[in-house]
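Inspection log for the structure reproduced underneath, given as structure tokens.
The values are calculated or read from the model by the stated rules, or taken from the named source; none is laboratory data. This is a predicted model, so every value here is computed, not measured. Here the Cβ positions follow ideal geometry from the backbone for every residue, glycine too, while neighbour counts run over all protein chains shown.
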Amino acid sequence: SQQGEEDPQALSIQEGENATMNCSYKTSINNLQWYRQNSGRGLVHLILIRSNEREKHSGRLRVTLDTSKKSSSLLITASRAADTASYFCATDPWTYKYIFGTGTRLKVLA
Amino acid sequence: GAVVSQHPSWVICKSGTSVKIECRSLDFQATTMFWYRQFPKQSLMLMATSNEGSKATYEQGVEKDKFLINHASLTLSTLTVTSAHPEDSSFYICSARESVNEQFFGPGTRLTVL
């Protein structure tokens, strides 16, 4: 069964706005990663956050992790048209086998 | 981060032929590699775990005779789609585990079976 469910499934925003995507999972995890995938292309690693971490930043990206709620969020600030892509969370339930969420399709309108 | 490559990046083949996809860890040794499959507009689903020097372990519902996995060295795993059919057309992505917490994904291989 799929570990991660992402919300929303699709998101359309204007350039310059912030985009927030949420990921919920079912079991205890070792760590969680966020990936971006442009249409028809491979995965691009964004951020890894470990279970003992609550927040991480990378450029315009901010990831939070709430293990008590089994959820994570990815915030992209000041979005750009180039941020248009699908975003996936992937969780490691202490098995080293990452399980991917359903993904959020983000569209940033210029 | 570490680099994982896949070859080819895309392949088109006729129905009934076999296709081999390579996954290489370029700057680290990976005792464990993973193979994922992604259908259009869907998420990635784990197919199998490839362990160097031993048999691969397959996820439920994945045909081991259909998807042959060989992990002959610490830097190379191969996935062979045997007797491919149009329904096997998909995006295949591998990942390699460098350490306990670090796993890196390849760029993916798009397979189209005519």
The one condition A:Gly103 fails out of (1) closer than 25 Å to B:Ala30 by Cβ; (2) touching a residue at least 24 places away in the same chain (Cβ under 8 Å); (3) within 11 Å of chain B (Cβ to nearest Cβ) is (1)
Given the conditions (1) surrounded by 14 or more Cβ atoms within 10 Å (Cβ to Cβ); (2) within 14 Å of another protein chain (Cβ to nearest Cβ), report the number of the one that B:Pro8 does not fulfil. (1)
In segment B:51-65, what residues are among the hydroxyl-bearing types (Ser, Thr, Tyr) and either in contact with a Lys or Arg (Cβ under 8 Å, 6 or more places away or on another chain) or under 30 Å from A:Arg105 (Cβ atoms) (or both)? B:Tyr58
Say whether the condition of being over 17 Å from A:Lys107 (Cα atoms) and away from chain B (no Cβ under 12 Å) is met by at least one residue in segment A:72-86. yes
In segment A:8-39, anything part of a strand (DSSP E or B), of a type in the set (A, V, I, L, M) and surrounded by 14 or more Cβ atoms within 10 Å (Cβ to Cβ) is listed as A:Leu11, A:Ile13, A:Ala19, A:Met21, A:Leu32
When you scan segment A:63-110 for strands (runs of 3 or more DSSP E) that lie fully inside it, which ones turn up with 3 or more residues that are closer than 28 Å to B:Ser99 by Cα? A:71-76, A:85-92
Looking only at segment A:58-110, count every residue that is surrounded by 14 or more Cβ atoms within 10 Å (Cβ to Cβ) and aliphatic (A, V, I, L, M) and tell me the total. 11
Quick one: which of A:Tyr87, A:Tyr96, A:Tyr35 is within 21 Å of B:Phe39 (Cβ to Cβ) and at pLDDT below 95? A:Tyr35
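For every residue, the table says whether it meets (1) in contact with a Pro (Cβ under 8 Å, 6 or more places away or on another chain); (2) within 29 Å of A:Leu48 (Cβ to Cβ); (3) modelled with pLDDT under 95.
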| site | (1), (2), (3) |
| --- | --- |
| B:Ile12 | no, no, no |
| B:Gly16 | no, no, no |
| B:Leu26 | no, yes, yes |
| B:Gln29 | no, yes, yes |
| B:Gln42 | no, yes, yes |
| B:Met45 | no, yes, yes |
| B:Ser54 | no, yes, yes |
| B:Lys64 | no, no, yes |
| B:Phe105 | no, yes, yes |
Kindly indicate whether any position in segment B:85-99 is surrounded by fewer than 16 Cβ atoms within 10 Å (Cβ to Cβ), out of contact with any Gly (no Cβ under 6 Å at 6 or more places or on another chain) and at pLDDT below 90. yes
Are there any pairs, at least 6 apart or on different chains, whose C-beta atoms fall under 7 Å, with the first in segment B:81-97 and among the hydrophobic types (A, V, I, L, M, F, W, C) and the second in a helix (DSSP H, G or I) and surrounded by fewer than 21 Cβ atoms within 10 Å (Cβ to Cβ), and if so, which? B:Val81/B:Asp88
Take B:Thr78 and tell me if it is away from every other protein chain (no Cβ under 12 Å) and among the β-branched types (Val, Ile, Thr). yes
